[in-house]
Each structure stands twice: as structure tokens, then as C-alpha cells.
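A.B. asks: Please read through the structure below; I'll follow up with questions.
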Amino acid sequence: MRRKSMLLVLGLMLAVTMLYSNVFAAPGEDAQATSSIVKTSLFSTSLQKEMNVNVYLPPGYNENEKYPVLYVLHKLDEDEDFWFDQVLLDEQADRLIGLRKIRPLIIVSPQYDRSWGLNSADEVGMVNNYWHVGRYEDYITKDLIAFIDSTYSTQKSRSGRYIGGASMGGYSALLAAFKHHNLYSKVGGHAPALFEYMWEPLKQMAGGTDEDRQQNNPTWLAMHEKQNMLDIYVDIGDADWLKDGALRFHKIMQNQNLKNCQFHYIPGGAHDAAYWSSQAENYLLFYAGDTK
């Protein structure tokens, strides 16, 4: 009899503990579900070399579900670790998914060297012993997407595919989306490295003719081609040394009278990881904030 009473008490204590945990858990939070970052690599046929890539899988990742994918491109002189180690995008994603403010998504942060995401040469090489040349646009828009779609449970359509980047990555993301409307539905230039007059090293990489350089310049493409198929988000800090190019880009988009373009001018924002980290929540809300 005494044993039965003890078991009954223990059972009641366990029930109360489980009820307490459920009541005070964060919305959408699952104690058993955690996110992960997979450090992997792929062989790029466009570059003929192995390329590193980090893949964020959301809490409760399930291969029976299809997830939207956000590709994020690093700034100059950083690598595939930048968005997670310095900007802490994964931590913000965990928090916002737990609060049900964004949909669970896969986030892909690839290595793409000092390339500006350009098809700058048919063979991989270096310019001035610093800039990486090769078919990097093809690597980003063909090899990388094919690898992610074949490896993970993704939404294999433009409506579930987004691209953004910081500084050089912002330039590269805008360029990729403007040139490949069929691949992406949303694009973000986060303190993008846009120049009023194309920077000389970049001009050399972008091509030998004026037409080549124009087609590899997101500012020129924004000025001369309607970007109605894309949702566009551009932000810059007012203490950022690259703000003039971003402000000019904003004026161009205003002249195009696009309803799907956001511009955010952030007080005090400098060109550093602290700035991008401070804006990471806003970025994720733009890409995956529609939770309907």
C-alpha cells in the first residue's frame, strides 16, 4: 500500500513538472529540437575545385518537409564562417523560429573567395596576387544550388529561394538576383559595396568591354532593367564609408518606381560585423517573416 502511494506521488510530481515545462516554454519551442550547422564541401565543376560551405539546418529539421533556402555571401577577406561566427545569424534564426516570427529555413553560407561573384575568367586564377578569378557566378547560381537541392530537403523553386550578402557579398547577391530572376524571389544588399564609378580592380575583373562591365554591375542593371519580379531589401549605416553608392542605388530604385523595394538608412551604422549583427533580425524577417 505504501509503495502504491509513493508511486502515485511520484507520478503526480512528474505530471506537474511536464505541465510546468509546457506552460513556460517559449512559443514553438521544442526541448528536443535544436538547430545545427553542417560544415561540408562540394566540388564545383565551374571552378574545378573543392569549395567549403556551411549549412544551417533549423530546429526540428525533417526530411519529410520542404524548406525555403537563404544563401548568404560573405564580405571581402572573410569566408564561409562569417555569417555564423561573427554576425551570429544562426542564433537569431533559432530565436525567431522559436518565437514563430519566421518560418523554419535552411541558411547556406558558401566560400566564394575574393571573387565578387563574377564570371571573370574561364579558368581559376589570381589577379595582382589577390583577386580570385574564374566562373564564380556559375558556381553560385548553378553548382551551389544544385548541390544544396540534391543534398537537403529544399523548396526547389524561386519562390522558396533567397540570396543576400554583406559588402562585397551584397554586390554579388544583387548581381546574381538581377541576372537570374528565375532562381531567386528575394534579394538583400546589406551595406553593399556599390560604387558610383566602378572601382578599378573590379572593372578589370568585370570584363574588358563596356557592355561586359555593365552586365556585371548591379547599379547599372537597376538603372536600365526593371526588377519587378524581385523583393529587394537594401540597408546601409549612416557612418558607413560605402553609403554614397548605396544612397545612389536607392535613388535609382525610387526612379524605377518599384513597390517591392525597401531601403533602410540606419543611424550610427558602420561597416563592420557589429552592424550586420545588429540588423540580422530585420534581415531574417524580410526573408522568412511570412509565417502564414
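The values are calculated or read from the model by the stated rules, or taken from the named source; none is laboratory data. Every value quoted in this text rests on a predicted model; they were computed, and no experiment measured them. Glycine gets a Cβ as well: all are built from the backbone with ideal geometry, and neighbour counts include every protein chain shown. Ligands, DNA and RNA are excluded from the accessible area calculation, which covers all protein heavy atoms including side chains. Shrake-Rupley method; radii C 1.70, N 1.55, O 1.52, S 1.80 Å.
A.B. asks: Quick one: plug the Kirkwood hydrodynamic radius of the range 241-286 (C-alpha pairs) into Stokes-Einstein at 20 °C, 1.002 mPa s, and report D in µm²/s. Mind dumping the intermediate values first?
C.D. replies: On the way: Rh = 12.0 Å.
Value of D from the Cα-based Kirkwood radius: 178 µm²/s.
A.B. asks: For the chain, find the longest principal axis of its Cα atoms and tell me its angle to the long axis of helix 273-288, 0 to 90°, nearest 10.
C.D. replies: The angle comes out at about 80 degrees.
A.B. asks: Using 7 Å Cα-to-Cβ label points, what is the Lys142/Glu123 separation (nm, one decimal)?
C.D. replies: For Lys142 paired with Glu123, the spin-label model returns 1.8 nm.
A.B. asks: So, one more: Counting Lys +1, Arg +1, Asp -1, Glu -1, what net charge surrounds Asp244 among other residues with beta carbon under 12 Å of its beta carbon?
C.D. replies: Surrounding charge for Asp244 is 0.
A.B. asks: Okay, next question. Quick one: net charge of Asn257's neighbours, Cβ under 13 Å, K/R +1, D/E -1?
C.D. replies: Values: positive: Lys226, Lys251, Lys259; negative: none.
Neighbourhood net charge equals +3.
A.B. asks: What is the pair-distance distribution P(r) of the range 155-292, computed from all Cα-Cα distances in 10 Å bins starting at 0, with each bin given as a whole percent?
C.D. replies: It works out to 12, 45, 34, 8, 0, in whole percents.
A.B. asks: Right, here's the next one. Round to the nearest 10 and give me the degree value, 0 to 90, for the angle of helix 2-24's Cα axis relative to the longest principal axis of the chain.
C.D. replies: The helix 2-24 is inclined about 30 degrees to the chain.
A.B. asks: Moving on. Could you tell me what percent of the DSSP beta bridges with both partners in the chain are antiparallel, to the nearest 5?
C.D. replies: Of the beta bridges lying entirely in the chain, close to 40 percent run antiparallel.
A.B. asks: Translational diffusion coefficient of the chain at 37 °C, 0.692 mPa s, Stokes-Einstein with Kirkwood Rh over Cα pairs, in µm²/s as a whole number.
C.D. replies: On the way: Rh = 20.3 Å.
Reported coefficient: 162 µm²/s.
A.B. asks: Starting from the Cα of Asn52, step 7 Å along the direction of its Cβ; do the same at His181; then give the gap between the two resulting points in nm.
C.D. replies: Placing both labels 7 Å along Cα→Cβ, they lie 3.7 nm apart.
A.B. asks: Mind giving me the FRET efficiency for Asp85 and Gln262? R0 is 30 Å, r the Cβ-Cβ distance, nearest 0.05 is fine.
C.D. replies: About 0.65, to the nearest 0.05.
A.B. asks: Whole number in Å², please: accessible area per residue of the chain, 1.4 Å probe, ligands, DNA and RNA not counted.
C.D. replies: 49 Å²
A.B. asks: Could you check how much of the accessible area of the chain is carbon and sulfur, as a whole percent, using a 1.4 Å probe?
C.D. replies: Accessible surface attributable to carbon and sulfur in the chain totals 51 percent.
A.B. asks: Going by alpha carbons, how many degrees (0 to 90, nearest 10) lie between the helix axis of 243-255 and the longest principal axis of the chain?
C.D. replies: Roughly 90 degrees, rounded to the nearest 10.
A.B. asks: Taking Cα centroids, how far is the range 190-262 from the range 62-124 in Å?
C.D. replies: Here the two parts' Cα centres lie 21 Å apart.
A.B. asks: Can you pull the one-decimal nm distance between simple spin-label points at Arg248 and Leu76, each 7 Å off the Cα toward Cβ?
C.D. replies: Between Arg248 and Leu76, the simple spin-label model gives 1.5 nm.
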